[in-house]
Amino acid sequence: MTKLAAVIVTYNRSEKLGRVLRALNDQTRKPDVVYVIDNASTDATADVVRENYSDATYVRLNENIGGAGGFSLGIERAYNDGADLVWVSDDDAYPQTDAVQNLLSGLARFKQDTGRAAPFACSHVKWTDGTHCEMNTPDTVWDWPRHYSAENPVFLVQSCSFVSCLIPRWAIKAHGLPIAEYFIWFDDAEYTLRLSQTHPGLFVPNSIVVHDLPENKGVNYGLVRPDTIWKFKFGARNETSARLRMFGYAGVAEFWLRVHRQMKGRPIKLRLSIYRALVSGLFFRPKIRQVK
């Protein structure tokens with residue numbers, strides 16, 4: 001029997017985490033094992049896990065290693081424990097009851113129809129009001145509707161977020177783990193781009209997850225503020241690092257130009273901080289860890 005693992009990374013969101021765990025417990029295809037990776041939360045996370053999913057494997061870390069570190073650790077743990085498929089998601093994203101099953105069905109039907117194995121499948125992420133969640137938009141390939149059919153409505157994508165992403169064991173074996181050193185931002189896009197070196201992944205629109213964010217905004221450097229700049233700096237560094245390795249200096253230049261255009265009109269102090277982070281990415285080259 002296929003062993004399905006779920007990996008949830010959390011940090012001080014115990015109330016929302018409880019809702020995520022209840023949603024997992026209500027799935028038409030429940031995970032065989034659930035890993036909750038706790039980035040040293042100071043709230044009631046441990047109690048919430050015990051009360052809402054008593055069979056979950058709860059891993060509490062001594063320090064916050066970021067979403068990237070948590071997902072890398074969780075995927076590796078699931079792989080080493082023999083998982084055939086690993087579903088990853090955030091601690092504030094609530095899957096509808098058939099969300100996981102529809103990802104599984106999308107992958108299986110795609111292989112049956114095409115003879116090719118897709119390296120990941122991702123859900124349609126919606127915001128709390130039912131509209132599309134801007135920050136979780138997958139990046140399509142040029143021939144994205146090639147394999148669409150009424151029987152299996154899937155589209156080809158080259159990257160997605162870690163909000164409801166299903167990854168087969170063979171893809172982890174072939175391409176390694178997410179880069180833990182990225183800490184936060186672009187770790188998911190880099191990883192799924194890396195998986196796409198084998199074949200594009202799948203966007204499965206009938207697999208729906210609700211992302212409980214405070215506001216529905218996409219990733220745009222024109223939105224940087226003093227209180228959020230720390231995240232944008234990670235994003236600038238990490239995406240520069242990834243694009244240099246994958247696409248060379250041309251890919252870096254394209255990204256830098258986009259950031260520069262988005263930041264026009266922002267205070268000079270904020271812009272300089274981001275520009276320094278962009279440059280630092282040229283020298284930030286963490287190694288990709290492989291599974292054993």
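Values quoted throughout were computed directly from the atomic coordinates according to the rules given, and no laboratory measurement underlies them. This structure is a prediction, so every number in the text was calculated from the model and none was measured. Because the Cβ atoms are built from the backbone with ideal geometry, glycine has one as well, and the counts that use them run over all protein chains shown.
Taking the radius of gyration and the Kirkwood hydrodynamic radius from Cα positions alone, what is the Rg/Rh ratio for segment 221-283, to two decimal places?
Checking Rg against Rh, the ratio lands at 0.96.
Using DSSP to call loops (not H, G, I, E or B), can you name the GluC sites (Glu not before Pro) in segment 60-134 whose Cβ has at most 15 other Cβ atoms within 10 angstrom?
Loop-located and lightly packed - GLU63.
Would you calculate the volume per residue, in Å³, of the smallest convex hull containing every Cα atom of segment 5-134?
With only Cα atoms used, segment 5-134 gives 120 Å³ per residue.
Membrane-span-like helices in the chain: DSSP H runs reaching 20 Å or more (Cα, own axis), mean Kyte hydropathy at least -0.5?
Span-like helices in the chain: 66-80, 99-114, 229-262.
Out of all DSSP beta bridges in the chain, what portion is antiparallel? Express it as a percent rounded to 5. Walk me through the numbers before you get to the answer.
Numbers: 15 of 37 bridges.
Percent antiparallel among DSSP bridges in the chain is about 40.
Over segment 123-165, what per residue volume does the convex hull of the Cα atoms give, in whole Å³?
Output value, Cα hull per residue: 88 Å³.
By its C-alpha gyration tensor, with a ≥ b ≥ c as the square roots of the eigenvalues, how is segment 1-60 shaped: rounded for a/c under 1.5, else prolate for a/b larger than b/c, else oblate?
prolate
When the Debye formula is applied to the Cα atoms of segment 165-240, each taken as the same point scatterer, what base-10 log of I(q)/I(0) results at q = 0.19, 0.20, 0.22 Å⁻¹?
Taken in order of the listed q values, log10 I(q)/I(0) reads -1.01, -1.07, -1.15.
Along Cα→Cβ, 7 Å out, is where each label goes; now give me the distance between the ones at ARG146 and ALA250 in nm to one decimal.
Roughly 2.1 nm, to one decimal.
Assigning unit charges at the beta carbon (Lys, Arg +1; Asp, Glu -1) and nothing else, what dipole magnitude in debye, to the nearest 20, does segment 221-283 show about its Cα centre?
On the way: 13 positive and 3 negative charges, 38 e Å.
Charge dipole of segment 221-283: 180 debye, to the nearest 20.
Sort CYS133, CYS160 so that the residue with the fewest other Cβ atoms within 10 Å of its own Cβ comes first and the one with the most comes last.
CYS133, CYS160
Below 14 Å, Cα to Cα, which aspartates and glutamates can LYS126 reach? Residues fewer than 8 away in the same chain don't count.
Qualifying aspartates and glutamates at Cα under 14 Å: ASP90, ASP92, GLU134, ASP212, GLU215.
Given the convex hull of the Cα atoms of segment 66-147, what is a quarter of its surface area in nm²?
On the way: hull surface 28.5 nm².
That works out to 7.1 nm².
In the P(r) worked out for the chain, what percent of Cα pairs fall beyond 23 Å?
Counting pairs separated by more than 23 Å, the tail of P(r) holds 54 percent.
So between ILE229 and LYS173, what do we pick up on full extension, going 0.36 nm a residue minus the alpha carbon distance? It would help to have the intermediate numbers written out before the result.
Details: separation 56, 0.36 × 56 = 20.16 nm, distance 3.49 nm.
Length gained, ILE229 through LYS173: 16.7 nm.
Name the shape class, rounded, prolate or oblate, that the alpha-carbon gyration tensor gives for segment 163-292, where a ≥ b ≥ c are the square roots of its eigenvalues, rounded holds for a/c under 1.5, and otherwise prolate holds if a/b is larger than b/c and oblate otherwise. Display every interim value, and only then the final one.
Numbers: a/c = 2.10, a/b = 1.38, b/c = 1.52.
Oblate, because a/c is 1.5 or more while a/b does not exceed b/c.
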